[in-house]
Amino acid sequence: MSERGAQVLFVDDDKLILKAIERVFDGSHIGIRLVEGGEEALRILENEEVAVLVADQCMPGINGIALLAKAKELVPATVRVLMTGYGNFVTAIEAINQGEIFRFIVKPFENRVLIEVVEEALGRYSLCSDLKKANEPALISLAQAIELKDPYTRGHCERVARYSLLLADGLGFSSSMRQEIKHGAWLHDCGKIGIPDTVLNFKGPLENVEFETVKKHCVWGKRLAALARFSDVVQNIIAYHHERFDGEGYPDGLKGAAIPLEARIVAIADNYDALTSDRPYRQALSRQDARNLMFSSSARGFDPQLLELFFALIGRNTSANAKTADGEVE
């Protein structure tokens, strides 16, 4: 068992590959289990806690894609990884569609890459497990833990929640709806737990492939929230806070009122905080400069009525309250 309390199950019909994996994790804090076939793996999944399932694609009987798809139905919380020597695009797409895999590893694997993928998968499993039993202090702690992946976002989730609640108050939302929006704002970036730190903290423009990886945090985060049985409001915020009012956002290209209201609210709060906070590539913008940019014709990403209300509320709030060095409204 690993120190997180659940094992990593490797499935491969090649005994030499299993021996190599055993050597990679020898002396590690990560507890692994090695089996040679899909049937045995399914028996283990039915009777034991498995945090991560790493399955080879080409095996007799149940192949890797079929095994991951069955695991998805049997134990949806288990994080699924496909390992194959046939690293083609068609295989990857099939695995993603059928088994909703977390990662795709091509053999022969690099030891460092294998360890990194397993550690990231364990992190995702741990996050999902914590979400299922989290109260408010635990939720904000999880949000802060995610922020540690990127030191420049310290306090971001808490500020996004505050700005979102300004809008929620201005719209006259109920206390229960305000709480859902607060939780969604705290957790809006929880899917970033699955993004490698090398990509997340890259200094400069990302390549297309890397940016596509970053964009997946919305889908990954929604899956985590669904597994943890969060409300539709929280799931909508996590999934759709990068949609744009003009339909040019992601992950689904939703447009206008098709974007859930709660996601439109958090999108404004998220972008405003990003613009008014220091980043590696630029200094924080002033409130007026951020307003101008968010209203500009080149940034038609936001609900215009909500945007007008937001800056009216921000103006009232900042006229009566000082702004801290972090950019938080006290």
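The values are calculated or read from the model by the stated rules, or taken from the named source; none is laboratory data. Predicted model, so just to flag it, every value in this text is computed and none were measured. Reconstructed Cβ throughout: ideal geometry from the backbone, glycine too, with neighbour counts over all protein chains shown.
Listed by position, the helices (runs of 4 or more DSSP H) inside segment 215-297 whose residues that are among the hydrophobic types (A, V, I, L, M, F, W, C) and more than 28 Å from K72 (Cβ to Cβ) number at least 2 are 261-275, 287-295. Total residues in segment 18-53 satisfying the condition of being closer than 15 Å to I115 by Cα, in contact (Cβ under 8 Å) with a residue 40 or more places away in the chain and hydrophobic (A, V, I, L, M, F, W, C): the figure is 7. The helices (runs of 4 or more DSSP H) found entirely in segment 1-116 that carry 1 or more residues being modelled with pLDDT of 90 or more and under 26 Å from I193 (Cβ atoms) are 15-24, 38-47, 64-74.
List pairs: first residue in segment 116-128 and closer than 15 Å to A228 by Cα, second residue of a type in the set (F, W, Y) and outside any helix (DSSP H, G or I) anywhere in the structure, Cβ distance under 8 angstrom, at least six positions apart or on different chains. From residues that are closer than 15 Å to A228 by Cα, the pairs are R124/F102. Per the listing A55, A51, A69, the residue uniquely of a type in the set (G, A, S), farther than 19 Å from G123 by Cβ, under 27 Å from the mean Cα position of the chain (by Cα) and buried (at least 21 other Cβ atoms within 10 Å of the Cβ) is A55. In segment 272-288, the residues that are on the phi < 0 side of the Ramachandran plot and among the β-branched types (V, I, T) form Cβ pairs under 6 Å with partners that are modelled with pLDDT of 90 or more and in a loop (DSSP other than H, G, I, E, B), at six or more places apart or across chains, as follows: T276/L285. Just one of the listed residues (N236, N208) is at pLDDT 95 or above and of a type in the set (S, T, N, Q), and it is N236.
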